[in-house]
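Engineer: Structure incoming, see below.
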Amino acid sequence: MFRYHTVPVTPFAQNASLVWDDATMQAAVIDPGGDLDRLLSEAARLGLRLEQIWLTHAHIDHAGGAGELARTLGLPIIGPHPGDQFWIDALPEQSRMFGFPPAEPFTPSRWLADGDTVSLGACTLQVRHCPGHTPGHVVFHAAEAQRAFVGDVLFAGSIGRTDFPGGSYEQLVESIVTRLWPMGDETVFIPGHGPESTFGRERRSNPYVGGT
Ligand SMILES: [Zn+2]
Ligand SMILES: [Zn+2]
């Protein structure tokens with residue numbers, strides 16, 4: 001069965017999530033932005049076998065620890081979509097701008113595209129491409145568990161910023177309406193920052209995309 005545990009990391013309180021198949025304890029970490037010691041001790045406490053790194057997008061608070069973690073543990077980095085290559089190239093600059101420790105450069109082992117899947121043991125998650133916050137942003141949908149890991153696409157009561165290079169408000173709203181809402185009102189989403197919510201609640205009350 002699919003399980004997950006979220007650990008806020010970095011000064012931006014970014015929700016890194018450990019996800020795993022509890023039959024085999026094969027695990028991935030989604031968006032290891034930093035605080036790798038904390039993430040690894042949580043993984044050890046939970047008895048996980050960390051095998052993969054999955055990225056929603058390449059902003060520093062989500063991808064800043066990916067290179068170091070991949071190198072030290074020999075893990076593949078899966079995602080994001082190639083549209084975020086320029087953000088990966090800009091990681092050193094992002095580190096300096098936001099006062100993060102220097103991010104190790106990396107090349108994803110596998111880029112993701114809309115309709116792809118990622119797997120852990122018997123658990124398979126669907127990948128949806130959701131541009132708007134960044135051009136190469138993807139989300140991970142565990143359909144059976146009714147959970148979605150949406151990075152900075154949608155938050156409880158808000159949506160991702162679109163004022164960065166390559167951002168688009170229209171594209172972000174379209175991504176939310178055409179790619180997230182069809183996952184169902186009951187689906188609980190884990191945003192990149194802040195508390196969980198459901199798509200149904202956001203459809204009713206989110207001031208940016210409510211009523212869409
Ligand atoms: Zn972001
Ligand atoms: Zn973020």
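No lab work stands behind these numbers, since they all come straight from the coordinates. Because the structure is a prediction, the values reported are computed rather than measured. Cβ: placed from backbone, ideal geometry, glycine included. Neighbour counts: every protein chain shown.
Engineer: Under 8 Å between Cβ atoms, at least 6 apart or on separate chains: pull out the pairs that start in segment 157-178 with a residue that is over 24 Å from GLY200 (Cβ atoms) and end on any residue that is of a type in the set (Lys, Arg) and within 11 Å of ligand 1 (Cβ to nearest atom).
Structural biologist: GLY167/ARG161
Engineer: Moving to a separate point now. If you check PRO82, PRO102, PRO76, which single one turns out to be free of Cβ contacts under 8 Å to residues at least 24 places away in the same chain, surrounded by fewer than 16 Cβ atoms within 10 Å (Cβ to Cβ) and in contact with a Pro (Cβ under 9 Å, 6 or more places away or on another chain)?
Structural biologist: PRO102
Engineer: When segment 139-179 is examined, which residues are found to be β-branched (Val, Ile, Thr) and within 14 Å of ligand 2 (Cβ to nearest atom)?
Structural biologist: Residues satisfying the conditions are VAL139, VAL150, VAL153, ILE159, THR162.
Engineer: Step by step: first the residues of segment 27-65, then only those that are closer than 23 Å to THR124 by Cβ and in contact with a Phe, Trp or Tyr (Cβ under 6 Å, 6 or more places away or on another chain), then the one that is farthest from ligand 2 (Cβ to nearest atom). Which residue is that?
Structural biologist: Filtering segment 27-65 for residues that are closer than 23 Å to THR124 by Cβ and in contact with a Phe, Trp or Tyr (Cβ under 6 Å, 6 or more places away or on another chain), the one farthest from ligand 2 (Cβ to nearest atom) comes out as LEU48.
Engineer: Quick check on segment 48-70: of everything there that is within 16 Å of ligand 1 (Cβ to nearest atom), among the hydrophobic types (A, V, I, L, M, F, W, C) and over 19 Å from ASP114 (Cβ atoms), which residue is nearest to the chain's Cα centre (by Cα)?
Structural biologist: Filtering first and then ranking leaves ALA63.
Engineer: If VAL150 meets every condition in (1) under 22 Å from ALA28 (Cα atoms); (2) more than 15 Å from ligand 1 (Cβ to nearest atom) apart from one, which number is that one?
Structural biologist: (2)
Engineer: Looking at (1) out of contact with any Lys or Arg (no Cβ under 8 Å at 6 or more places or on another chain); (2) in a loop (DSSP other than H, G, I, E, B), which is the one condition that is false for GLN94?
Structural biologist: Condition not satisfied by GLN94: (2).
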